[in-house]
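To keep things clear, I will list the structure first and then write my remarks on it.
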Amino acid sequence: MTEIILDREFEKFYCPVTGEIVLHPEGYHTPPSLLFIYVEEIQDFEYCSGKLKEKFPLHFNENGETINGEFLYKTMKRHLRWAQDKLLITYGTMGSATLCFDMGYTKN
């Protein structure tokens with residue numbers, strides 16, 4: 001896992017794998033290589049991919065919502081620490097958010 005911390009806000013941010021826009025003024029888009037968006041201020045996930053929900057099923061309720069977002073985030077970071085193909089980008093000036101990308105993603 002590679003982690004990058006940026007002390008800035010983004011109006012637009014593009015996926016480093018697919019080139020698709022992820023963050024834009026109206027919200028966010030989820031390219032297939034995006035695994036999650038974790039928002040520190042609310043200590044929960046704004047987005048979590050189905051792939052991760054399948055991998056950590058005990059951390060989600062029947063509606064697909066996280067049971068304890070902060071604990072799940074720490075669990076994922078420990079798990080991803082050994083993954084060479086994951087990229088974490090944490091950004092923000094007032095609060096922070098972390099985006100996780102699967103750098104090994106390939107379009108089928």
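Name the residues in region 71-89 that are assigned to a strand (DSSP E or B) and farther than 18 Å from Tyr28 by Cβ, would you?
Passing the criteria: only Lys86.
Among the numbered criteria (1) of a type in the set (Lys, Arg); (2) over 13 Å from the mean Cα position of the chain (by Cα); (3) closer than 16 Å to Tyr105 by Cβ, which one does Lys51 miss?
Of everything listed in (1) of a type in the set (Lys, Arg); (2) over 13 Å from the mean Cα position of the chain (by Cα); (3) closer than 16 Å to Tyr105 by Cβ, Lys51 misses just condition (2).
Looking only at region 2-14, decide whether some residue is under 16 Å from Lys107 (Cα atoms) and modelled with pLDDT of 90 or more.
no
Checking Phe36 against (1) over 11 Å from the mean Cα position of the chain (by Cα); (2) at pLDDT 95 or above, which test does it fail?
Checking Phe36 against (1) over 11 Å from the mean Cα position of the chain (by Cα); (2) at pLDDT 95 or above, the one that fails is (1).
Is it the case that Tyr47 is of a type outside the set (Val, Ile, Thr), under 25 Å from Tyr14 (Cβ atoms) and at pLDDT 95 or above?
yes
Would you check if there is a residue in region 92-103 being in a loop (DSSP other than H, G, I, E, B), under 16 Å from Val17 (Cα atoms), in contact (Cβ under 8 Å) with a residue 40 or more places away in the chain and touching an Asp or Glu at 6+ places or on another chain (Cβ under 7 Å)?
Checked region 92-103: at least one residue is in a loop (DSSP other than H, G, I, E, B), under 16 Å from Val17 (Cα atoms), in contact (Cβ under 8 Å) with a residue 40 or more places away in the chain and touching an Asp or Glu at 6+ places or on another chain (Cβ under 7 Å).
Sort out which residues of region 1-49 are among the hydrophobic types (A, V, I, L, M, F, W, C) and either out of contact with any helix residue (DSSP H, G or I) (no Cβ under 9 Å at 6 or more places or on another chain) or more than 25 Å from Asn68 (Cα to Cα) (or both), and write them in order of number. Even if it seems obvious, please write down each step before you answer.
Initially, region 1-49 is screened for residues among the hydrophobic types (A, V, I, L, M, F, W, C), giving 1, 4-6, 10, 13, 15, 17, 21-23, 34-37, 39, 42, 45, 48.
Within region 1-49, Ile4, Ile5, Leu6, Phe10, Phe13, Cys15, Val17, Ile21, Val22, Leu23, Leu34, Ile37 meet the criteria.
The values are calculated or read from the model by the stated rules, or taken from the named source; none is laboratory data. Please read these numbers as outputs of a predicted model, since none were measured by experiment. When we count neighbours, we look across all protein chains shown, and the Cβ atoms used for this are built from the backbone with ideal geometry, even at glycine.
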